[in-house]
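To start, the structure under review is shown below, and the notes come after it.
Only the coordinates and a few stated rules stand behind these numbers; no lab work does. From a predicted model like this one, the values you see are computed outputs, not experimental measurements. In this analysis, Cβ positions are derived from the backbone assuming ideal geometry, glycine residues included, and neighbour counts consider all displayed protein chains.
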Amino acid sequence: MPLELIPFDAAETLDTPEAQAAFLADVLSTGDAGFIAHAMGTLARAQNMTRVAQDAGVSRAALYKSLTEDGDPKLSTVLGVLSALGLRLSAQAA
């Protein structure tokens, strides 16, 4: 009997600002640019991609395209999206 798999969408579980911040902090710690972009896309979907795109000053289609594992968003896009998500970057010594 084949195993039935249920699709998982992390965006559906990231329903609080604290969960979203913890998720992004974990992802940033990897240093993997593609993974970080994809995770930001997941956060944008969790908060409504259309609203995030508007608040970030980019089109919804451009945001979807840049926030994928193969995307390479500009720093201004990253900062705009983080602001729209109610998050900010911080730095610490490695």
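Across the range 71-86, which residue is surrounded by the most Cβ atoms within 10 Å (Cβ to Cβ) among those that are of a type in the set (Gly, Ala, Ser) and not in a helix (DSSP H, G or I)?
That would be Gly71.
Of everything in the range 71-86, what is of a type outside the set (Gly, Ala, Ser) and touching a residue at least 60 places away in the same chain (Cβ under 8 Å)? Give them in sequence order. Break it down stepwise before answering.
The first filter runs over the range 71-86 and keeps only residues of a type outside the set (Gly, Ala, Ser), leaving 72-75, 77-79, 81-82, 85.
Passing the criteria: only Leu85.
Give me the residue from the range 48-69 that is exposed (fewer than 14 other Cβ atoms within 10 Å of the Cβ) and under 14 Å from the mean Cα position of the chain (by Cα) and, out of that set, farthest from Ala84 (Cα to Cα).
Checking each candidate, the answer is Glu69.
Every residue, every condition in (1) free of Cβ contacts under 8 Å to residues at least 24 places away in the same chain; (2) of a type in the set (Lys, Arg); (3) in a helix (DSSP H, G or I), yes or no:
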{"residue": "Ala44", "(1), (2), (3)": "no, no, yes"}
{"residue": "Asp55", "(1), (2), (3)": "no, no, yes"}
{"residue": "Val58", "(1), (2), (3)": "yes, no, no"}
{"residue": "Ala62", "(1), (2), (3)": "yes, no, yes"}
{"residue": "Glu69", "(1), (2), (3)": "no, no, no"}
{"residue": "Arg88", "(1), (2), (3)": "yes, yes, no"}
{"residue": "Ala93", "(1), (2), (3)": "yes, no, no"}
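Would you be able to tell me the number of residues in the range 1-39 that are in a loop (DSSP other than H, G, I, E, B) and either in contact with a Pro (Cβ under 6 Å, 6 or more places away or on another chain) or within 22 Å of Pro73 (Cβ to Cβ) (or both)?
6
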